[in-house]
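Notes to accompany the following structure.
The values are calculated or read from the model by the stated rules, or taken from the named source; none is laboratory data. Predicted model, so just to flag it, every value in this text is computed and none were measured. All Cβ positions, even for glycine, are placed from backbone atoms using ideal geometry, and neighbour counts span all protein chains on display. All accessible areas refer to the heavy atoms of the entire protein, side chains included, with ligands and DNA or RNA removed. Shrake-Rupley method; radii C 1.70, N 1.55, O 1.52, S 1.80 Å.
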Amino acid sequence: SFQNEINEVPFFDIQLPYELALKIFQYLGKTELGRCAQVSRTWKVLAEDEVLWYRLCQQEGYLLDTSISDHSCWKLTLKNCRARERTLKTNWKNRIGAVSQLQYELGKILCDVHSCDGVVIAGYTSGEVRLWDTRTWDYTAPILEPMHGPGDAGPQPHVSFVRINSSLAVAAYEDGTVSVWNLMFGREPIHHYQHNQRIQALALASEGATVATASGFEVKVESPNDRGFWQTTATFEIQKLVNFLNLVPDVTGSPVTVAAAEDIVYLLKAEDPGKILHSVYGQPVTCLDVSAHEAAFGVKTFGWLLNEPNQILLYNLETSQCLKKMGNSIGDFTCVNLQNSPPNMLVTGNKDRRVRVFDLRKSESLCSLYAHQLGVSAVQMDDWKIVSGGEEGLVCVWDQRMGTKLWEMHARHPVRHVWFNSHSLITANIPDEKSPRGASITDDDLTAHRKHRGIIYAYEFSVDQLAVESILPICRSSYDEVTGYNYNIGLAVPYDNI
């Protein structure tokens, strides 16, 4: 009510209208607003105006999808958001939280894993495709039904690749078939198509509904038309076998695909079908990632050019110019993450067991982290941490600025998938050997099966009340129960609170 009475705000020796004074105050940060609130009663009302604190909240990246009327006190809301972020950071650093294995029945070996915003998709040698929503913690994993033909009584083909985004799930099978499911519409596929040969690569748009697959010397792009009917929007013939395939995010109009086939990188657009982005004879591409405007890929050079060791190349997709050549290493670059990295940054993993972070404005690496016993197989970073996975099965979490390892976890098989957001982390160890010799993977041979099947972990570092409820019941049990114990990722010894 006092605010409504203020029409003129005293500014030194002049009186300003409230709206104008508010315009001036919007250039101040949190500290300055706090100081201004101590000047006078009028300035306090002004410095605590909801508009100012709502804008500060948005500027710091909190609650971006809310409107100003959603909270009554934005100053307090900002304080709570910052406190939550600090706690989350502490939990990440000290490995405080809950860890769960995404369990699956016996006799099946993991073939591929992918995740999007905490929803995990996994494909198995049994031909089954399974989903987990780790945000709900009840982990009932629905099996997505394959497209059954009339004579499909025999065993299903293995799953080769799976991908998921916020609305779709896709699986490619050994026999060249591809199934697409809509996550809103139950377990039956909404689209299905077939290649004549084995599929070498599968890509799904990070948002929206576009799927690209590479098989033999052909790349197919499928998406629904205006009326929702799926169709082949483009087919590209390529001279070599594709190793890596990515759809460029946030493209308006017809989809754009980047394909790396041995030593050539293609930029595939409907209007320009065979455009070559990069090609150096005898220098194969070893990894690939794309963002909305750029593509980054590792190039392997063979020893006769001693002055050109293995590098990461960065290309602009609009101009097709090479912007940067980064890194000089003896080993091949095995993985690169550009799309999920902070602006002007990218993170790479190498066969020489190092994780390197590059600033795209410079050519040398900002930091080089050494921890894996074999090559690095998966990486992701944000503004303060890096998570890397290795061929030996180690997942390492790093503090990027300090260049130090915070903690690590080990499982038997190579880490093929790493994904995290502010409060959760998903890792998948996928066996290279899909039909291990010397172990009959039958349903009754538990130990052999556990050894060979691969494993998916979900970590939750959340600090809400939910975090307590979200721990599975067996892990919340107390000392006096016969089964179970308190479980915390950071604990070495159970029964820590007898």
Reported to the nearest 10 Å², residue 70 has, with a 1.4 Å probe, an accessible area equal to 90 Å²
Of the listed peptides 91-101, 327-337, 357-367, 224-234, what is their order by residue-averaged count of other C-beta atoms within 10 Å, with the highest listed first? 327-337, 91-101, 357-367, 224-234
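Report, to one decimal in Å, the Kirkwood hydrodynamic radius for region 116-275 based on all distinct Cα pairs. Write out the running numbers ahead of the final one.
Working: mean 1/r = 0.0616 Å⁻¹.
Every distinct Cα pair counted, the radius reaches 16.2 Å.
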Sorted list, accessible surface of protein heavy atoms, 1.4 Å probe, largest first, for 281, 266 is 281, 266
Packing-wise, with mean Cβ within 10 Å as the measure, how do 190-198, 13-21 rank, highest first? 190-198, 13-21
Residues meeting the amide H criterion for residue 366 (H placed from the backbone, H to H distance under 5 Å, 5 or more places apart or on another chain) are 357, 358, 359
Estimated FRET transfer efficiency (residue 401, residue 330; beta-carbon r; R0 35 Å; 0.05): 0.85
Given a 1.4 Å probe and every protein chain left where it sits, what share in percent of the accessible area of region 1-111 is carbon and sulfur? 52 percent
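Using a Förster distance of 41 Å, how high is the FRET efficiency between residue 316 and residue 38, based on the Cβ-Cβ distance and rounded to 0.05? Can you show the working numbers first?
On the way: r = 50 Å, r/R0 = 1.22.
My answer for the efficiency is 0.25.
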Which whole-number percent is the relative contact order of region 50-97 (Cα, under 8 Å, 6+ apart)? 36 percent
How much of the pair distance distribution for region 93-464 lies past 30 Å, counting alpha-carbon pairs only, in percent? 38 percent
Using a 1.4 angstrom probe on the protein heavy atoms only, could you order 450, 416 from most to least accessible area? 450, 416
Taking all pairs of distinct alpha-carbon atoms in region 18-91, Kirkwood radius in angstrom: 13.0 Å
Suppose a student asked you for the relative contact order of region 18-91, using Cα pairs under 8 Å spaced at least 6 residues apart; what percent would you report? 23 percent
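Could you report region 93-464's accessible area per residue, 1.4 Å probe, as an integer in Å²?
Solvent-accessible surface per residue comes out at 43 Å².
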